[in-house]
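Since every read-out is calculated from the coordinates, none of them should be taken as a lab result. Quantities reported herein were computed from a predicted structural model and do not represent experimental measurements.
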């Protein structure tokens, strides 16, 4: 199993990743993080690319497995 340190996400991407398991739409994530919807889309895309995943469901499962979110 990969250690959490093996993932290269910046602090804001990690904040967004922690909100994904709550099934929040991008519009709610934008309000919580006080960023634009385009930035949320970019963060989610970067998260999926970095983790080598296809969608948010896989991101949640993988992030839990890696101990990045609880």
Review point. Helix 56-66 versus the longest principal axis of the chain: what is the Cα-based angle in degrees, 0 to 90, to the nearest 10?
Key: 40
Exercise for review: At 0.36 nm per residue, minus the direct Cα-Cα distance, what do residue 53 and residue 28 gain on full extension? Give it in nm, one decimal, please.
Suggested key: 6.8 nm
Review point. Could you work out the helix-only [θ] at 222 nm for the chain, with each DSSP H run of four or more residues adding -39,500 (n - 2.57) and the total divided by the number of residues, to the nearest 500 deg cm²/dmol?
Key: -18500 deg cm²/dmol
Review point. On full extension of the chain, what length is gained from residue 37 through residue 11, given 0.36 nm per residue of separation minus the C-alpha to C-alpha distance?
Key: 7.6 nm
Exercise for review: Calculate how steeply helix 37-51 sits against the longest principal axis of the alpha-carbon atoms of the chain, using the helix alpha-carbon long axis, and give the answer as 0 to 90 degrees to the nearest 10.
Suggested key: 10
Review point. Could you state the principal axis extents of the C-alpha atoms in the stretch 4-66, from the largest down, to the nearest angstrom?
Key: 28, 20, 16
